[in-house]
Amino acid sequence: MQRFLLFVDKLSTFVGHAFSFLIVVLTLQVSWEVFSRYVLDHPHAWAFDAMIMLYGTLFMMAGAYTLSKNGHVRGDVLYGFFQPRTQATIDLILYIVFFVPGVFALTYAGYFYAAESWAINEHSNVTAEGPPVYPFKTVIPIAGAFLLLQGIVEIIRCVICIRDGEWPSREEDVEEVDVEKLKEMVKVDEAGMDVPDPAYVAPKGAGR
Amino acid sequence: MKIRKELWFGFSLMGLILLSILFFTPWGNLTNGHLGLLMLALVVVTIMLGFPTAFTLMGMGVFFAWLAYRSVNPDMAVRQVLDLMVQRAYSVMSNDVLIAIPLFVFMGYLVERAALIERLFKSLHLSMARVPGSLAVATIVTCAIFATATGIVGAVVTLMGLLALPAMLRAGYSTQLSAGAITAGGCLGILIPPSVLLIVYGATAGVSVVQLYAGAFFPGIMLAALYVGYVIIVAKLKPALAPPLPEEESRVPIPAALAPLAERSRNAFTGLLGAVGGRSLGVPARTVLGQLAVTIVPAIAIAAIAWATWFGATKPAEVVDTSGLQASGFAADAPAAGGLAEPQSDTGLAEPPEEKEEGEAPKAEGGVAEPPGAEKAATAAEADKPAAEAAAPVERLPTPNWFWIFLAGAALVAALLYALWTWQRLEIFKMLLSSFFPLAVLILAVLGSIVFGLATPTEAAAVGAFGGFILAAIYRYIGHAREARRGHQSGSPVGRTLGDLWSIIKESSFLTAKTSAMVCWLFVGSSIFSAAFALLGGQEIINKWVLSMDLTPIQFMLLAQFIIFILGWPLEWTEIIVIFMPIFIPLLGHFDIDPLFFGLLVALNLQTAFLSPPVAMAAFYLKGVSPPHVTLNQIFAGMMPFMGIQVVALALLYIFPEIGLWLPQVLYGR
């Protein structure tokens, strides 16, 4: 079972990583467009559509990846203080009550939404002769399906956690606040940190 | 035992909400509107349970939207819900305001990885050595600048916790003051533009992000200044809490090459001039000229500012009255900006929704309806000479008197600067030049091009991200080159830099994907949720209820800010904005409150959300890297005065709205 869980994690992560490079493309595309427009005086009509599509695809396809890394924002008033088993129970219930219907509805509706767009060969109406929109709309059901798959894995994780009393392990990934990396960046000398320096443990600090 | 206390807080809050649901809901005759309110209360409770907010909102939105549709037409309900769902998701996907978020986030991660914070802190600290509480002041300023450029609270607080906290504790600063300065300073990035919070607010409330940026600039600076002022006053009144630095710590070693010159004269400027004049005392001419070039940078900057002021002051009159038509005014009048004309109108064509929000619709229409104007400007731009000639016939205004006074002032500043230009200061200035100024220029360029209407936030963010990448490349290269010179590393610095850059781009992209997915999926969820809320008519009930209370605008404003302040304790700013702003915004019209002004107050108010326990992220990040004897309670205690200052700043902004509204008024003639 654990192998299946990690496989889906890896799949979501791979997809997320692959699509996250769209931000580089987006940066370069917009930067080039700015240069082309203001310096070369040669704007492109499709630039706006391309920009929107890159952005939309980027965040939609990263949804499952973010879920697999537990990156979606949570209200952390109580959650962090619960036992793992309590956490898993709450998560399990809410995954079934909120997540599955919501994401399933999105995927299901997205499928027909995209199908309709393919059927009418829809093009963007932002500019005349805009680029095709149907691939972009197809992103909705695909992203939804990945998210649903990852959600099922998370549900299984909750069940395992309720059984074992602790969370099954996850793959590691880049963290926003990775203390070790940040320490490397500023080259802190750890030597003086652990031993309280008599100069500053003295009454000044704690006394007030 | 401590854990129980924390749980108590959350549970009692939840219990309170559930009780009030039970008490206030008219169970006998439940209308749709009541269902809407029920949904709102339930979502707060559920969010507090800790399930990912985006999916809580999505699930609840789907369910309650289905209830709403079912009450009208049970047969169509499922189809309508599905349609609503996918349309809402698609509207977030194609939202041209939110698109700036991943770009700004990307820029932040790149700048963060340029690894210049250490240099920045050191140079600011040295340049402020004489100010009371200099370490804490430098901490706040470093935080403000770095947080503004990166916008990542966690990373800034962690980095400063590693850098500044040991330094301050070692210098004998009180733990509370040190912790407060770091946490409060680290959160400034959320307020000072370019910040993601303002984009999220702009997208939710339909306020122009450009105007929000222009408006939030001075309140942000004001808050930072208040922090600095507080630290200075504390350091003056109670030196025990922030003792002055010993003399030797604030001295900068002067490089050996310049030492002979430094021994002869105190003033670096005259010393260097003398060296050029022949009395070089064996210092190589290249070194002298290089130092002199650095020395005259401020003079050049002052001259440039003076010239720009003169240019602005004597601009032909017609430029001045471009009320409400800023951008087309640019295009038609400013010869230098002629090239902007066509792109501007093209932007108008490409992004109709944003333009409409910005109240600049006339601009876009002008571009479409009057092609000759745009073409004329474009041809003017095509060749430089015609553009210059076009400027010539328009007579410049006579130079106003105040300009001469300004010029005299600038000259005085320059004279003073060079009179006090010691070798020490030259060294400090060089350090600032390599850490503070690049960041400041990056921020000001991004912000300036947005605020002056030269580029959309999206374009500025993309170019800013590109600039951040170049910054990271340069700093990494300098670092490696220095190491290589010392012989610490094998391999060429260029190769190592390229290796670094690849990992920087990879990590930044992954983090950007996660952060933007987090924010934007939250938007998907909340847009479905607020659609359900509107369908159920919850908004109408709230509107009626608030109007029936017959509040004055001031009372309403205070109430709203108080509610947001309270919500900031259990919730995070993203949740507060995307869930509760759609409820407040429609009410603003009744009370004649400017949504822009309200947004500025909210942004300032939400600063407190970062510092208020128990969800004070900043405190936990700091605790994670501080020495073991610093307790969480000390950190919380240290944050309290700064929270007080935030409330004071909020009051100041409320009493003097010009702090925020002056710049948008001047720029956009609101």
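The values are calculated or read from the model by the stated rules, or taken from the named source; none is laboratory data. Computed from a prediction, not measured in an experiment: that's the story for all the values here. Virtual Cβ from ideal backbone geometry, glycine too; neighbours counted across all protein chains shown. For accessibility, only protein heavy atoms count, side chains too; no ligands or nucleic acids. Shrake-Rupley method; radii C 1.70, N 1.55, O 1.52, S 1.80 Å.
By a 1.4 Å probe calculation restricted to protein chains, A:His17 has an accessible surface near 40 Å², given to the nearest 10. For the range B:137-266, the solvent-accessible area works out to 28 Å² per residue, with a probe of 1.4 Å and every protein chain left in place.
Stokes-Einstein, applied to the Kirkwood radius of the range A:13-73 over Cα pairs at a viscosity of 1.002 mPa s and 20 °C, places its translational diffusion at 169 µm² s⁻¹. For the range B:505-535, a reduction of at least 50 Å² in accessible area between the chain on its own and the assembled protein chains (probe 1.4 Å) is found at B:Glu507, B:Phe510, B:Ala513, B:Lys514, B:Met518, B:Trp521. Pairs of Cα atoms in the range B:44-136 fall into 10 Å distance bins, from 0 up to the last occupied one, in shares of 13, 20, 22, 15, 14, 9, 5, 1 percent. For the range B:46-118, the solvent-accessible area works out to 28 Å² per residue, with a probe of 1.4 Å and every protein chain left in place. Percent relative contact order of chain A, based on C-alpha pairs within less than 8 angstrom and at least six residues apart? Taking the mean separation of contacting Cα pairs over the length of chain A, I get 26 percent.
In terms of its C-alpha gyration tensor, the range B:429-506 has an oblate overall shape, because the principal axis ratio a/c (a ≥ b ≥ c, square roots of the eigenvalues) is not below 1.5 and a/b does not outweigh b/c. Computed over every Cα-Cα pair of the range B:542-635 and binned at 5 Å starting from 0, the pair-distance distribution P(r) comes out as 2, 12, 21, 19, 14, 11, 7, 5, 4, 2, 1 percent.
Near A:Ser124, the amide H atoms lying under 5 Å from its own belong to A:Gly130, A:Val133; only residues 5 or more places off or on other chains count, and H is placed 1.01 Å from N. Across all directions, the shadow cast by the convex hull of the range B:446-560 built on its C-alpha atoms averages 12.7 square nanometres. B:Asp75 contributes an accessible area of around 140 Å² to the protein surface, as traced by a 1.4 Å probe with all chains present.
Shielding value for B:465-473 is 2, the average number of Cβ atoms from other chains within 10 Å of each residue's Cβ.
Relative contact order, whole percent, for the range B:474-617 stands at 22, derived from Cα pairs under 8 Å and 6 or more residues apart.
Chains A and B together bury roughly 8700 Å² of accessible area, counting both sides, with a 1.4 Å probe on protein heavy atoms only. A loss of 30 Å² or more of accessible area (1.4 Å probe, protein heavy atoms, ligands and nucleic acids excluded) relative to the isolated chain is seen in these residues of the range B:63-87: B:Leu82, B:Met85, B:Val86. Shape analysis of the range B:8-95 places it in the oblate category; the axes a ≥ b ≥ c from the Cα gyration tensor give an a/c of at least 1.5, with a/b not above b/c.
Dipole check for the range A:1-107: with +1 at the C-beta of Lys and Arg, -1 at the C-beta of Asp and Glu, and the Cα centre as origin, the magnitude is about 420 Debye.
Computed over the protein assembly as shown, the alpha-carbon pair-distance distribution with 10 angstrom bins reads 2, 11, 20, 25, 21, 13, 6, 2, 0, 0, each value a whole percent. Centre-to-centre separation between the Cα atoms of the range B:639-654 and those of the range A:76-140: 40 Å. Couplings 3J(HN,Hα) for the range B:572-586, derived from phi with the Karplus relation 6.51 cos²θ - 1.76 cosθ + 1.60 (θ = phi - 60°), are 9, 4, 4, 5, 4, 5, 6, 8, 9, 4, x, 7, 6, 4, x Hz, where x marks Gly and Pro.
Solvent-accessible surface of protein heavy atoms, probed at 1.4 angstrom with all chains present, puts B:Arg486, A:Arg85, B:Arg119 in the order B:Arg486, A:Arg85, B:Arg119, largest first.
Shape of the range A:53-192 from its Cα gyration tensor (a ≥ b ≥ c, root eigenvalues): rounded if a/c is under 1.5, otherwise prolate when a/b > b/c, or oblate? Oblate. With the full set of protein chains in place, find how many percent of the accessible area of the range B:153-231 is carbon and sulfur; take the probe as 1.4 Å. The computed percentage sits at 70. Karplus-based coupling profile of the range B:502-513, in residue order and whole Hz: 4, 5, 4, 5, 4, 4, 4, 5, 4, 5, 4, 4, with θ = phi - 60° in 6.51 cos²θ - 1.76 cosθ + 1.60 and x standing for Gly or Pro.
Residues B:Leu433, B:Leu606 ordered from highest to lowest accessible area at a 1.4 Å probe: B:Leu433, B:Leu606. Averaging Cα coordinates gives a centre for the range B:582-609 and one for the range B:454-479; these two points are 32 Å apart. Per residue, the Cα convex hull of the range B:162-245 amounts to 98 Å³. On the range A:1-108, 74 percent of the accessible area sits on carbon and sulfur atoms, based on a 1.4 Å probe. Calculate the translational D of the range B:490-558 in whole µm² s⁻¹ from Stokes-Einstein, where the hydrodynamic radius comes from the Kirkwood formula applied to all Cα pairs, the temperature is 10 °C and the viscosity 1.306 mPa s. Result for D is 94 µm²/s. A 1.4 Å probe, protein heavy atoms only, puts the accessible area of B:Leu416 near 110 Å². When all protein chains stay in place and ligands, DNA and RNA are ignored, the 1.4 Å accessible-area order of B:Met85, B:Met431, largest first, is B:Met431, B:Met85. Comparing the full protein assembly with the isolated chain, the residues of the range A:97-124 losing at least 30 square angstrom of accessible surface (1.4 Å probe) are A:Phe98, A:Phe99, A:Gly102, A:Ala105, A:Leu106, A:Ala109, A:Tyr113.
Membrane-span-like helices in chain A, defined purely by DSSP H runs whose alpha carbon atoms cover 24 Å or more axially and whose average Kyte-Doolittle hydropathy reaches 0.0, are A:2-20, A:100-119, A:134-164.
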